[in-house]
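Notes for the one structure printed next.
Values in this text are rule-based calculations from the coordinates and carry no lab data. Predicted, not measured: the structure shown is a model, and the values here were computed from it. Heads up, the Cβs are rebuilt from the backbone with ideal geometry, glycines too, and the neighbour counts pull from every protein chain shown.
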Amino acid sequence: MSVVGDGTERRDAGADEPGWDVDPDDESGVAVVAAVGRQIKAWREAAGMRAGEFGAAMGYGEDLIYKVECGRRIPRPEFLDRADRVLGAGGRIASMKPDVAEVRYPKKIRELAKLEAAAVELLAYGNHNVHGLLQTEDYARALFEMRRPAFSQNEVERLVAARMARQAVFGRSPAPELSFVQEEVTLRRHLGGRMVWRRQLERLLEVGQLRNVEIQVMPTGRDEHAGMGGEMQVLKFKDGTAVGRSEGDFGSRPVSDPKHLRIIELRCGIIRAQALNPRESRAFIEHVLGET
């Protein structure tokens, strides 16, 4: 790593950039990244620079430049900023950052994030691990790293970044109503190791203090349990529509049919009634944290 004249850091010439290749099955992502690549190439050629010269000025290898220009590599925001300065694009290349940000993450996760961002109410029950919106970065990374078959490290980082980006929902205004029921076992599994687990419990206590968030615990000792079929989630929108998913039901796919939604909402309601209330749940989480 070296420092260029404007005081910004750059990589040594010839270096590649850690990043993510475009998923060829993601049609919208392919189209966006290809369009951005063509724009960068057009600006480079207009500046009279060869790909190798441009790469050297950027602090990256020629191979990376070709990957970006051919639409095979998703450029990072800092790459676009630097390209804008090097090519004198006057902000036109940097202005494409929002478009690229839309396709940085896998298509399925982008679709989920859009639904969460539009929802006015979310109901969720989790029985294997802490819900994604409640996870710390280290906890999320531990989950992805233990996946089998194993993800590559780049893919792990991409998925972690996508999961953390979804948590922007907590900063929305007006704030959506968010209700989570977590199975007791999800609070007692030391996923990622003891320190990661402790920080995750602390995160639950922090988020649970938000006025629009309710976190409940379903004790293992309950004699009756409406959620034995698996995890489920319902997202409701301001126009009165909703979408839900219940593990093992309706092909485990998101559904919006009112008949199917009623079933999922009924189960979510019973689960919330069977779980500890939010105040009891907070005390329970504090107790588990205190046992460590």
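Annotations for the structure displayed:
- Residues His131, His190, His287, sorted so that the one with the fewest Cβ neighbours within 10 Å comes first: His287, His190, His131
- Pairs of alpha carbons in the stretch 117-161 whose separation is greater than 11 Å (percent): 71
- Potential lengthening between Glu62 and Ala35 on full extension [0.36 nm per residue; Cα-Cα distance subtracted]: 7.8 nm
- Each other residue within a Cβ distance under 12 Å of Ser152 adds +1 if Lys or Arg and -1 if Asp or Glu, for a net charge of -2.
- Here Leu115 and Ala46 are evaluated by their C-beta separation; at R0 = 41 Å the FRET efficiency comes out at 0.50.
- 5 Å binning of all Cα-Cα separations within the stretch 197-279, expressed as whole percents from 0 upward: 3, 13, 19, 19, 19, 17, 8, 2, 0
- 3J(HN,Hα) along the stretch 211-219: 5, 9, 10, 10, 10, 10, 10, 9, x Hz, from the Karplus curve 6.51 cos²θ - 1.76 cosθ + 1.60 with θ = phi - 60°, whole Hz, x for Gly and Pro.
- Counting beta carbons within 10 Å around each of Met228, Met164 and listing the fewest first gives the order Met228, Met164.
- Lysines whose Cα lies under 17 Å from that of Lys114, excluding same-chain neighbours fewer than 8 positions away: Lys236, Lys238
- Rh (Kirkwood; distinct C-alpha pairs) - the stretch 147-198, Å: 14.0
- Averaging Cα coordinates gives a centre for the stretch 85-104 and one for the stretch 182-211; these two points are 38 Å apart.
- Summarising the label geometry, the points placed 7 Å from Cα in the beta-carbon direction at Asp257 and Lys108 lie 2.2 nm from one another.
- Within the chain, the ratio Rg/Rh, alpha carbon atoms throughout and Rh by Kirkwood, equals 1.06.
- Between Ala283 and Arg188, the contour length at 0.36 nm per residue exceeds the alpha carbon distance by 32.7 nm.
- Amide H contacts under 5 Å for Arg73: Val22, Val68, restricted to partners 5 or more places along the chain or on a different chain, H placed in the peptide plane at 1.01 Å from N.
- Remark: C-alpha extents of the stretch 201-246 on the principal axes read 38, 29, 13 Å, sorted largest to smallest.
- Point-to-point label distance, Glu206-Met228, nm (Cα→Cβ direction, 7 Å offset): 3.8
- Ranked Asp21, Asp223, criterion: other C-beta atoms within 10 Å, fewest first: Asp223, Asp21
- Basic side chains Lys and Arg get +1 at the Cβ, acidic Asp and Glu get -1 at the Cβ, and with that the dipole of the chain about its Cα centre reaches some 240 debye.
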